[in-house]
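In what follows, a structure is listed as structure tokens, so that the remarks can point back to it.
The values are calculated or read from the model by the stated rules, or taken from the named source; none is laboratory data. All of these numbers come straight from a predicted model, not from anything done at the bench. A quick note on method: Cβ atoms are made from the backbone with ideal geometry, for glycine too, and the neighbour counts reach across all protein chains shown.
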């Protein structure tokens, strides 16, 4: 389309289009095309900024082009591919400048978000706050009147967040997600949050007091009448989870329309009884339209499955299945596994109530597939696998649609590098991320000299530090367009060599594994040394990079590299 035609499109149409894209996508596509478009970009006031895994050049473009008052959504991340991002952001802006901000998401920030959280009470228009952390949640003293509040902590990490959120007022809250929250704290929240309609909560009973608080939750006269959606994860923490405990918690929630229940271990056998569920739901949760569960018990037999073929379940399309070893009963397709480790036979009709014409769902929902042993005859085909792991010497034909795979992990030395590269080149055009997780044999240049995979943008080499060859192997000949590199090293010279090879890097993670570092030969790196290596790689002088070095227990270096010339704080 010519510039003349673009300039005839009404402003309102561009605004409608922009509402569906992130800020960096809008600016990258429309910036500096014409004065008319520049004016539209400058006056648009609903920018959604997502800095998670962003290229530094796009981060620079957004910070240079957008005024804080134009932003309604902001996502910040200090994960290894955007290292020290929050610190750089705060050197350019104050969070108080974002006067129209409605949604804020903080992902694994270096200070756990404390520097942002201390000022959020000034953000009068902020409606949604999400904190993703795996270390700690700082004390949150004051917040504006939020509509949505989320704290996400990985399921394998446990720490108490009660003290961190005890001072928050929840009077206007409608949607709440909390990991590792105690029942006592939850009761206090519900006493305030009288408008709460949606709750996602994870509770682990590490002691009998906490279990007692759960059992007697409603004796505290908490108000839950407005709750219509509940996601409940309850872990007995070594105690058997009794059905009566959960029923006493759920019974007063008579407005519930959606219920998701997860009991990961030690569930009482009566949880599997369809008849008891029918009576309880009919008596107490008659408005329920969606019910999904996954319950771990050691007796999810086919006799149990038969109970769920009654009209009460089938008329509502509430279908169930048991997993391969009959240790879990789950609703499908909602909780159908997305991960498969080399299954040998399809699911028997006796193990599910899902209509047989819908059994393809069990294959179509699989996105992660692992070949982990040889000579296994697979009778099904998986057409939508995105992540493929290879742990054996053989891939059976026509089991996985290799053309759909985006991430490929090889963790067996039985596959030569030539064989891997050939497979990707001939059958896996969508692969953009490759991990070679094994000790590499000697590599011959001769068999690989005419092969390159420009499609691979992310390369992970966990065993690179153990690679031995007469001369350094130039991995960039095979992967000339790699932008993100995760790699183990054992010396400073390896970092220099890798930076010189991979000239398109936008992020790098170089690390020495625990127990592999000689404390007498510690790796010492300065900013000036890094600048020299990056400048040589880019073939121009550049200072536009951010780095972080960890050297307390084991060495690691994170790099976030700009693709343009130096951009100082004053140039934003």
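Taking first residues from the range 202-216 that are farther than 11 Å from residue 181 by Cβ and partners that are modelled with pLDDT under 85 and not in a helix (DSSP H, G or I), the Cβ contacts under 7 Å between residues at least 6 apart in sequence or on separate chains come to 205/236; 205/237; 205/239; 206/237; 211/239. The listed residues are 155, 91, 86, 145, and the only one of them that is over 23 Å from residue 562 (Cα atoms) and either touching a residue at least 40 places away in the same chain (Cβ under 8 Å) or outside any loop (DSSP other than H, G, I, E, B) (or both) turns out to be 155. Of the residues contained in the range 53-63, one or more are found to be within 19 Å of residue 113 (Cα to Cα) and surrounded by fewer than 16 Cβ atoms within 10 Å (Cβ to Cβ).
Of all residues assigned to the range 298-307, none qualifies as being in contact with a strand residue (DSSP E or B) (Cβ under 7 Å, 6 or more places away or on another chain), under 22 Å from residue 203 (Cα atoms) and crowded, with 19+ Cβ neighbours inside 10 Å. Tell me which residues, restricted to the range 292-309, are outside any loop (DSSP other than H, G, I, E, B) and touching a helix residue (DSSP H, G or I) at 6+ places or on another chain (Cβ under 7 Å). Within the range 292-309, 295, 302, 304, 305, 307 meet the criteria. In this structure, does residue 444 turn out to be modelled with pLDDT under 90, more than 31 Å from the chain's Cα centre (by Cα) and in a helix (DSSP H, G or I)? So residue 444 fails the test.
Could you tell me whether any residue of the range 425-435 is surrounded by 18 or more Cβ atoms within 10 Å (Cβ to Cβ) and more than 25 Å from the chain's Cα centre (by Cα)? Checked against the condition, which is being surrounded by 18 or more Cβ atoms within 10 Å (Cβ to Cβ) and more than 25 Å from the chain's Cα centre (by Cα), the range 425-435 yields no hits at all. Looking only at the range 493-509, how many residues end up being farther than 15 Å from residue 480 by Cα and part of a helix (DSSP H, G or I)? Total meeting the criteria: 4.
Among the residues of the range 310-344, the ones that are within 18 Å of residue 258 (Cβ to Cβ) and part of a strand (DSSP E or B) come to 5 in all. Specify the residue that is surrounded by the fewest Cβ atoms within 10 Å (Cβ to Cβ); the eligible residues are those in the range 229-255 that are in contact with a strand residue (DSSP E or B) (Cβ under 7 Å, 6 or more places away or on another chain) and part of a loop (DSSP other than H, G, I, E, B). By that ranking, first place goes to 237.
The residues in the range 1-48 that are over 19 Å from residue 101 (Cβ atoms) and part of a loop (DSSP other than H, G, I, E, B) can be counted, and the count is 11. For the range 158-167, the set of residues classified as in contact with a strand residue (DSSP E or B) (Cβ under 8 Å, 6 or more places away or on another chain) and either closer than 21 Å to residue 197 by Cα or free of Cβ contacts under 8 Å to residues at least 24 places away in the same chain (or both) consists of 165 only. Determine if the range 518-528 includes at least one residue that is more than 25 Å from the chain's Cα centre (by Cα), at pLDDT below 85 and surrounded by 19 or more Cβ atoms within 10 Å (Cβ to Cβ). Among the residues of the range 518-528, not one is more than 25 Å from the chain's Cα centre (by Cα), at pLDDT below 85 and surrounded by 19 or more Cβ atoms within 10 Å (Cβ to Cβ), which makes the answer no. Being under 22 Å from residue 174 (Cβ atoms) and in contact (Cβ under 8 Å) with a residue 24 or more places away in the chain is the requirement here; does residue 128 meet it? Yes: the conditions hold for residue 128.
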